[in-house]
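Novice: Let me give you the structure first, and then I'll get to my questions.
The values are calculated or read from the model by the stated rules, or taken from the named source; none is laboratory data. The structure presented is a predicted model; accordingly, all values stated were derived computationally and were not measured. Backbone-built Cβ (ideal geometry, glycine too); neighbour counts: all protein chains shown.
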Amino acid sequence: MTTSGNDDHAELVPVRRRLRLDNLNQLQIELLAKEFNSEVGVSKVVVRKQWLEIEYDAAVLTLDRVIELLEAYGGELSQDWWTTFKANWYLRREEKLRAQLSEDP
């Protein structure tokens with residue numbers, strides 16, 4: 001298990017995501033945790049063999065970017081129905097949050 005935290009960014013729209021992963025070895029997990037920790041907007045990340053738990057500012061970082069980083073390190077989201085459902089839900093929710101932010105004065 002690898003845990004990281006980055007508290008130097010004031011969060012406007014904090015979200016927490018928990019997603020099941022596939023195809024990662026321990027080295028990839030450690031590198032991925034370091035990469036997430038260096039991303040702007042990430043406040044906490046825990047990467048385990050088959051799970052990603054990440055807290056970030058949805059106004060700064062998107063789930064698409066999280067998935068992009070995951071794939072860059074050779075991993076991918078699990079293709080089971082529950083993870084797919086949650087990822088799609090998270091994406092729609094973030095779109096709504098960003099739309100609300102752009103409407104607010």
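Novice: Are any of the residues in segment 29-44 modelled with pLDDT of 90 or more, β-branched (Val, Ile, Thr) and under 14 Å from Thr83 (Cβ atoms)?
Specialist: no
Novice: Does segment 15-31 hold any residues that are in a strand (DSSP E or B) and closer than 12 Å to Val45 by Cβ, and which are they?
Specialist: Arg16, Arg17, Arg18, Leu19, listed by residue number.
Novice: How many residues does segment 45-63 hold that are at pLDDT 90 or above, over 20 Å from Glu95 (Cβ atoms) and of a type outside the set (A, V, I, L, M, F, W, C)?
Specialist: 1
Novice: Quick one: how many residues across segment 69-81 are modelled with pLDDT under 95 and outside any loop (DSSP other than H, G, I, E, B)?
Specialist: Residues that pass the stated criteria total 6.
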